[in-house]
Amino acid sequence: MSVETILVAVGPGDRDRMARLAEETIGIAGPTGASVVLLHVFTEDGFDDAARKVEFDPSKEEVSPDVVARRYMTINELVERFDQAGIEYETRGVIGRPEDQIVEVAEAVGADRLFVGGRNRSPTGKAIFGSVAQAVMLSAPCPVTFVRREIDE
């Protein structure tokens, strides 16, 4: 199976796994020449907060999720690493339920591989609190690589 497009879903809780997300993505995108789509999904409530953090005032100006995602620090950490590795990428932002939006964007861009971060949870924790990563893995139109946070040694 050839890999032409990789979707990397990034959320606010992914700061502690940026190095691993970058490493895993570059490890596949580099040798295959795949292009990467960096996706940040904002919740309805989280979008206005994120826009303010990157110096937009949604109450005074119209700003798109794509623009906010491009300025968002988590995305910028990946962008720096991809630039250094010569990886072709684009950045997208969307608003909605992360598990739904990640799958929709994966389908829309024709992703051949999807990277999603998450934390370790017990089966009971997943049942009670849900898991975006688990929902994505069950619904994604392509193989999914789950990237855990780095563990201090």
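Quick notes
- Any hit, the range 7-15, residues being in a helix (DSSP H, G or I), among the charged types (D, E, K, R), within 15 Å of the chain's Cα centre (by Cα) and loosely packed, with under 14 Cβ neighbours inside 10 Å: yes
- Residue within the range 31-40 that is part of a helix (DSSP H, G or I), surrounded by fewer than 21 Cβ atoms within 10 Å (Cβ to Cβ), within 18 Å of the chain's Cα centre (by Cα) and not hydrophobic (A, V, I, L, M, F, W, C) present: no
- Checking each residue in the range 46-79 for being hydroxyl-bearing (Ser, Thr, Tyr) and more than 23 Å from residue 20 (Cβ to Cβ) picks out 59, 64.
- Count of the range 42-95 residues, restricted to those that are small (Gly, Ala, Ser) and in a loop (DSSP other than H, G, I, E, B), is 3.
- Residues in the range 61-89 that are open to solvent by 80 Å² or more (accessible area, probe 1.4 Å) and farther than 16 Å from residue 47 by Cβ: 80, 81, 83, 84, 88.
The values are calculated or read from the model by the stated rules, or taken from the named source; none is laboratory data. Keep in mind the model is a prediction, meaning the values are calculated, not measured. Quick reminder, even Gly has a Cβ in these numbers, built from the backbone with ideal geometry, and neighbours come from all protein chains shown. Note: accessible area is taken over every heavy atom of the protein model, side chains too, but ligands, DNA and RNA are not part of it. Shrake-Rupley method; radii C 1.70, N 1.55, O 1.52, S 1.80 Å.
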